[in-house]
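Take a look at the structure set out below.
Every read-out reported here was derived from the displayed coordinates using simple, explicitly stated rules and does not represent laboratory data. Predicted, not measured: the structure shown is a model, and the values here were computed from it. A quick note on method: Cβ atoms are made from the backbone with ideal geometry, for glycine too, and the neighbour counts reach across all protein chains shown.
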Amino acid sequence: MGLDSYYSQRTLDENARPPIPVESTRSDFGHYTRENADGTQTLHLMVEGLHCAACVWLIERVLERQAGVLSARINMTTRRLVLRWDQGITDAKTLADSVTRLGYRLVPYDPEALGSADKKEERELLLCLAVAGFAASNVMLFSVSLWAGAQVEPETRALMQWYSALIVLPASAFAIRPFALPAWEGLKNRRVTMDFPITLAVVLTLGMSLYEAIAQTGETWFEAAASLLFFLLIGRYLDRRVRAKALSCAEDLTLLQSHAATVLDADGAARSVPASTVRPGDTLIVARGEKICADGIVREGTSTLDRAIVTGESLPSPVRPGEAVPSGAINLEAPLRVEVTAAGEESTLGRMAALAESAGAARNRYTRLADRAARYYAPAVHTLAALTLVFWWGWSGDFHLALTHAVAVLIVTCPCALALAVPAVQVAAASTLLRFGVLLKRPEALEKLDEIDTVVFDKTGTLTNGDFRLAGEDSSSALRAAARLAAASAHPLSRALIRAAGPVEPLAGVCEVPGQGLEAPDGARLGTAVFCGASGVEGDTELTLLHYREAAGTIHRFAFSDALRPDSARTVAAFRGAGIATALLSGDREGPVRAAALLTGIADWRAQARPEDKHDFLMEKEKAGRRILMIGDGINDAPALAAAHVSMSPGSAADLSRNAADIVLQGDRLESSFAAFRLARRAMRAARQNFAISIGYNVVAVPLAMAGLITPLWAAAFMSASSITVMLNALKLSGEKAWKSSFS
Amino acid sequence: MEILVFLIPVALLMGLGGLAAFIWALRSGQYEDLDGAARRILFEENAPDSPPKPPENG
């Protein structure tokens, strides 16, 4: 295959677990295969597991070597494969197997069903851009030579002007459509958007120049009109690219709806149905290698899952009966029976897709300001231009001069920078975050994240991975009895108890006292030492303790160990390095909390904090003027999170509505919290810069234009420069590089 | 300056040629996959027909 030199030189990471090979995929290729007119078949597939161009090379070569394949091409930007083959020689399943054997996963889809309308619009925009660019640059041939001082006779000059007209008039008629059509639509609905002044400016410039070319009384501005369109279209195109990235993220997530799932009927028969028809309560059979199409709970089967599409990490994680699984996870080892709890829009992927789409609608302080300004802007622009016209006409008596200045004012006052750029920053940052597993529940969260100066960590589940293990063997009946109580709670300690005890029948009528424990109807209690009436003879152990008091009064103690996340210390150090104060608040005993604080380097820590204590701690600090980011358990610790300026919680999109935090971190990396903070800082800085650039430019340029000091051409140049600068500033925030560089 | 009567149309024709080339490139889908185009130049076209070496697994 030509990879010999690669294999002889690569090294393997011994600490990484070897990936589990996937045998065969169960996918309904037949449904999506299309017949072509010449007897060949075509299939569109989404490819998962691509890491770099070498993967693309490998897949394309392997496919091309199969008999009967006519073309196999992967689009590296969208990660989609288009396959064409001769029907008589091979079929979809054979070809797909050759790829899945290598470890990649293929999901067929219907290309018609996905945003092809947007693609067309983007192409149209690019076409208008090309035409405007052609017109502008060719007409510049004439203008530049004239400015450079070429001495030409009036006839030659007239000839050049007519050539310019000939090129620019049709080109402008074509390239102005992205502005003129919305402006016309707006007018019909009695609304004046920013497209209107732009259209007006271009039309007036062209009209004026045409008059000059005929009457030969002054300068023509054909190149100004063409350049204006060219630069404005660049700005608009860049804006689309930023939004398109966010949308394709959402598309990839909703692709899941387009393939087949196996549902178990009431009478035990397995049916293959489209994934979009699955409902809560259905039982799915998920085979090895198949993607789970809805959120659910495992009822039968033990396997490992690849949750990469949700958390961004692909290390397999084990699942057992009773555990929840998110939609989009891939079943790696053994068949599972899953009872559906949420499907379609309600599922993990559905919610993530909705968040991705709404990333564009996010409003921060600057966008809101810009929106309000926009309402006054259009009338203001027209008023200023009209004033300029009237003043100069009255002052000099020369209508042509007055019109030139008025047009310059129209062009220069275009607030495209203001309108385009601040939302673009928001969209870029929010979609980058989404792609890497950080979900913004509230759009203002980004702005608030930028304002913090203190971060308060919870211990269990935040600094530690919440994976409690029972220390020491215990198979006593007390353990099982305690587990029956624990079955009523979602607390990590309860779940660890159940894991240690094995499957037990939950007790009915258990009530939970938040922060303290659980009480059974017969008086048995499970929880803190105080709650169970145990005296404080516990020693200063670093283990977390759970006490169980039987109805009869005997007290048992269960000790759990809970490891710190590998990146906790790093995260705390990173925040400190950025000048943010750190603190640790935990409901756990002093021993484990002190150990955690020591290991992560946090000096300010409190143990035994009940929910009210946490709340008070935060309120105190907030009153003292600090802005706090609280990272804690969004499901069990809501009041504490609400008291902070902004809150984050490790969690998943499945629990999005239950999670009280402003930002949800998916996956196991606590470091993402720091990266999100850094990205928020950079995003807000970019928004401020853009705002300053747009306002500053208008403040300087408008008076100059009104004073008649700027020609329409320079007006076009200035306006475009501000617009493009501001777009490029926003683009810096999107993409993998922006995310990776936020970690340091 | 009579030469201009000849030169200007020539320049315009060249410009139009450029535009036509761009439109052709756009229509034939060359802008669909910009990341891919950047990396495909590094792909080996005809890999040597040596027997595939099985990967050493760790």
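Using the Cα gyration tensor of the range A:556-655, with a ≥ b ≥ c the square roots of its eigenvalues, what is the shape: rounded (a/c below 1.5), prolate (a/b larger than b/c) or oblate (neither)? Can you show the working numbers first?
Numbers: a/c = 1.33, a/b = 1.16, b/c = 1.15.
Note, shape of the range A:556-655 comes out rounded.
Among A:M727, A:W714, A:Q666, which residue has its Cα furthest toward the positive end of the charge dipole of the range A:657-744, with +1 on Lys/Arg Cβ and -1 on Asp/Glu Cβ?
So the residue furthest toward the plus end is A:Q666.
In percent, how large is the relative contact order of the range A:608-710, given Cα pairs closer than 8 Å and 6 or more residues apart?
The normalised contact order for the range A:608-710 reaches 16 percent.
Roughly how many nanometres apart are two label points built 7 Å out from the Cα toward the Cβ at A:W395 and A:I297?
Placing both labels 7 Å beyond Cα along the Cβ direction yields 7.8 nm.
Classify the range A:623-734 from the C-alpha gyration tensor, please: rounded if a/c falls under 1.5, else prolate or oblate depending on whether a/b exceeds b/c.
Numbers: a/c = 4.20, a/b = 2.79, b/c = 1.51.
The shape class here is prolate.
What pairs from A:K441/A:K614; A:K459/A:K732; A:K459/A:K740; A:K119/A:K737; A:K291/A:K732 go past 30 Å between their alpha carbons? Don't jump to the answer; show the numbers that get you there.
Details: A:K441/A:K614 22 Å; A:K459/A:K732 35 Å; A:K459/A:K740 26 Å; A:K119/A:K737 25 Å; A:K291/A:K732 34 Å.
Too far apart for the 30 Å limit: A:K459/A:K732; A:K291/A:K732.
Can you tell me the dipole magnitude for the range A:628-744 around its Cα centre, using point charges on the Cβ only (Lys, Arg +1; Asp, Glu -1), in Debye to the nearest 20?
Numbers: 10 positive and 7 negative charges, 103 e Å.
Taking the Cα centre of the range A:628-744 as origin, the dipole is about 500 debye.
Straight-line reach from A:K120: which lysines fall under 19 Å, measuring Cα to Cα and dropping same-chain residues less than 8 apart?
The reachable lysines, counting only those whose Cα sits under 19 Å from A:K120, are A:K245.
Work out the charge dipole of chain A with +1 on the Cβ of Lys and Arg and -1 on the Cβ of Asp and Glu about the Cα centre, then indicate which of A:G527, A:A692, A:S98 is farthest towards its positive end.
A:A692
Using Cα pairs under 8 angstrom and six or more residues apart, how large is the relative contact order of chain A, in percent?
Details: 1376 pairs, mean separation 91.5, N = 744.
Relative contact order comes out at 12 percent.
Working out 0.36 nm times the residue gap between A:L704 and A:R271, then minus their Cα-Cα distance, what length gain in nm do you get to one decimal? Display every interim value, and only then the final one.
Details: separation 433, 0.36 × 433 = 155.88 nm, distance 7.30 nm.
Net length gain for the segment: 148.6 nm.
What dipole magnitude, in Debye to the nearest 20, does chain A give about its Cα centre under +1 on Lys/Arg Cβ and -1 on Asp/Glu Cβ?
On the way: 75 positive and 79 negative charges, 225 e Å.
For chain A, the charge dipole is close to 1080 debye.
Scale the Cα Rg of chain A by the rule-of-thumb value 2.2 N^0.38 Å and send over the ratio, two decimals. Kindly include the intermediate steps, with their values, before the conclusion.
Values: Rg = 32.2 Å, N = 744, 2.2 N^0.38 = 27.1 Å.
Here the answer is 1.19, to two decimals.
How much of the DSSP bridge set in chain A is antiparallel, in percent, rounded to the nearest 5? Mind showing how you got there, number by number?
Values: 64 of 82 bridges.
So the antiparallel bridges in chain A amount to around 80 percent.
Once each part is reduced to its C-alpha centroid, what is the distance from the range A:573-600 to the range A:76-138 in angstrom?
Computed from Cα coordinates, the inter-centre distance equals 49 Å.
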